[in-house]
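Student: I have a structure here, written as structure tokens, and I will follow up with some questions on it.
Computed from the coordinates by the stated procedures, all read-outs in this text should not be read as laboratory data. This structure is a prediction, so every number in the text was calculated from the model and none was measured. FYI the Cβ positions are ideal-geometry reconstructions off the backbone, even for glycines, and counts take in every protein chain you see.
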Amino acid sequence: MFYGAVVWDPWLISSQIVCLQCLYYLTLGLFMSILVGTRVSRMTLVYFFDFSTLTASTATGWCAIIAFLLTSLAGSVYMFYIVERAKKCLDFSATLYIIHLFICIIYGGWPSSITWWVLNVTGLALMSLLGEWLCIRREMREIPITRLRSNV
């Protein structure tokens, strides 16, 4: 979709990053509303950006963890369509999670929960590896060559 012939295009790269980040949070919101929203009285940004909500000791925490993991899987599909290059998947995944880390620091302070770190590193690995695998499968497809001349 966004892949072009130009090697260095900062506007293209910036638009891909913004696109991925927006789709990531939209998908996270969808999964959070389905999994966590049914368990809590009010859905807030705390479940997105506060590290203390990601805990393995409560059922709501597990639902939030599952929502983050499902969002990582969906993010790899987004990379398949937006980034389109296997060698760029790790870069875009890491950028997405670094931006998420900065937003979490601004919102709730430095994440001191080991669960938060394990979840985000796992999400980064899932998104990057599955995105690379999907893109490699596309890149390895045969290029169809049609006959230009008819048999005479």
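Student: Where the Cα atoms of segment 87-152 are projected onto their three principal axes, how long is each span, largest first, in whole Å?
Tutor: 75, 19, 13 Å, listed from the longest principal axis down.
Student: Related question: For the chain, which span is the longest to avoid every loop-located (per DSSP) member of trypsin sites (Lys or Arg not before Pro) having at most 15 other Cβ atoms inside 10 Å?
Tutor: Working: sites that count: Arg39, Arg42, Arg141, Arg147, Arg149.
Value returned for the longest uninterrupted segment is 43-140.
Student: For helix 10-35, report the angle its Cα long axis makes with the longest principal axis of the Cα atoms of the chain; keep it between 0 and 90° and round to the nearest 10°.
Tutor: The helix 10-35 is inclined about 50 degrees to the chain.
Student: On to the next question. Positive end of the dipole of the chain, charges at C-beta (+1 Lys, Arg; -1 Asp, Glu), about the Cα centre: which of Ile114, Leu54, Ala86 has its Cα farthest in that direction?
Tutor: Ala86
Student: For the chain, with only Lys/Arg (+1) and Asp/Glu (-1) charged at the beta-carbon, what is the dipole magnitude about the Cα centre, in debye rounded to 20?
Tutor: In debye, rounded to 20, the chain gives about 420.
Student: Rounding to the nearest 10 and keeping the result within 0 to 90°, find how far the Cα-based axis of helix 114-139 lies from the longest principal axis of the chain.
Tutor: 10
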